[in-house]
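As structure tokens, the structure follows; a few thoughts come after it.
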Amino acid sequence: DIVMTQSPDSLAVSLGERATINCKSSQSVLNSSNNKNYLAWYQHKPGQPPRLLFYWASTRESGVPDRFSGSGSGTDFTLTISNLQAEDVAVYYCHHYYSIPPWTFGQGTKVEIK
Amino acid sequence: QVHLQGSGPGLVKASETLSLTCTVSTYSISSGSYWGWIRQPPGKGLEWIGSISHSGTTYYNPSLKSRVTISVDTSKNQFSLQLTSVTAADTAVYYCAKVGQWHSFDYWGQGTLVTVSS
């Protein structure tokens with residue numbers, strides 16, 4: 001199984017500052033035949049279902065503010081929230097959907113306001 | 001927008017079978033795509049359970065495969081989850097979701113809390 005490890009587990013960032021979340025996979029999730037990274041990012045707020053932010057590691061889902069960005073390739077990925085807003089407080093998960101199941105999630109990173 | 005609504009008992013006795021149904025509206029399951037179930041135990045992260053296509057092709061999490069069945073009923077625009085021999089470890093919020101770009105989930109239901117009682 002591919003294990004997804006996020007860092008840090010939590011972080012506190014001041015309003016307007018940048019939050020950076022890392023995600024590392026135990027094996028590459030890059031499909032060399034189509035040059036796509038099978039990696040998604042979700043935002044999860046209490047009492048709500050998760051919300052897809054990015055797929056293919058860096059393709060922003062419709063409606064996601066451009067202060068959110070996804071990057072990385074292979075085994076190392078980053079979700080960046082620039083100009084952090086109060087509504088960005090949530091738990092963020094990376095998720096691989098490469099090759100065969102199980103398609104696993106990272107353990108989550110909790111973002112709070114400092 | 002695709003709307004998904006999960007339904008089913010919120011309380012299941014240990015050793016019995018958990019059964020949930022997800023009703024999809026504003027989108028025909030027959031049109032294509034895959035449909036999945038994901039759960040979140042209290043205080044823990046997300047776990048993918050399994051997925052099914054409109055034609056019935058299934059993928060299951062190997063850790064649950066022996067206990068899980070996912071089925072689809074295109075006539076009712078629904079798909080369902082059955083999890084047998086449940087224990088307290090199966091207590092979780094269960095989400096149904098639509099697969100967007102393989103196999104990311106672009107639309108989610110609100111989630112159904114299922115508690116396994118002894």
Which of the following residues is among the small types (G, A, S), farther than 17 Å from B:S104 by Cβ and under 14 Å from the mean Cα position of the chain (by Cα): A:A86, A:A90?
-> A:A90
Qualifying residue in region A:2-18 (condition: crowded, with 20+ Cβ neighbours inside 10 Å, touching a residue at least 60 places away in the same chain (Cβ under 8 Å) and under 24 Å from B:A92 (Cβ atoms)) = yes
Would region B:100-115 turn up any residue that is more than 14 Å from chain A (Cβ to nearest Cβ) and either assigned to a strand (DSSP E or B) or not hydroxyl-bearing (S, T, Y) (or both)?
-> yes
Might you check whether a residue that is farther than 30 Å from A:D1 by Cα and of a type outside the set (V, I, T) occurs anywhere in region B:43-58?
-> no
Enumerate the strands (runs of 3 or more DSSP E) found wholly within chain A, keeping only those where 1 or more residues are facing chain B (nearest Cβ under 9 Å).
-> A:39-44, A:51-55, A:90-96
Only one of (1) closer than 30 Å to A:S10 by Cα; (2) among the hydroxyl-bearing types (S, T, Y); (3) touching a residue at least 24 places away in the same chain (Cβ under 8 Å) does not apply to B:S28, and that is (1)
What are the pairs, 6+ residues apart or on separate chains, where a residue within region B:97-110 that is closer than 10 Å to B:C22 by Cα has its Cβ under 7 Å from a residue that is surrounded by fewer than 20 Cβ atoms within 10 Å (Cβ to Cβ)?
-> B:G109/B:Q5
Selection count, region B:8-60, where residues are surrounded by 14 or more Cβ atoms within 10 Å (Cβ to Cβ), among the small types (G, A, S) and outside any loop (DSSP other than H, G, I, E, B) | 5
Does B:D73 fit the bill of being of a type in the set (D, E), surrounded by fewer than 19 Cβ atoms within 10 Å (Cβ to Cβ), over 30 Å from A:N34 (Cβ atoms) and more than 9 Å from every other protein chain (Cβ to nearest Cβ)?
-> yes
Which of the residues belonging to region A:1-55 are more than 14 Å from the chain's Cα centre (by Cα) and of a type in the set (G, A, S)?
-> A:A12, A:S14, A:G16, A:S26, A:S28, A:S32, A:S33, A:G47
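Each value in this text was obtained by applying a stated rule to the coordinates, not by laboratory testing. Quick caveat: nothing in here was measured; it's all calculated off a predicted structure. For neighbour counting, all protein chains shown are included, and Cβ atoms are generated from backbone atoms with ideal geometry for every residue, glycine included.
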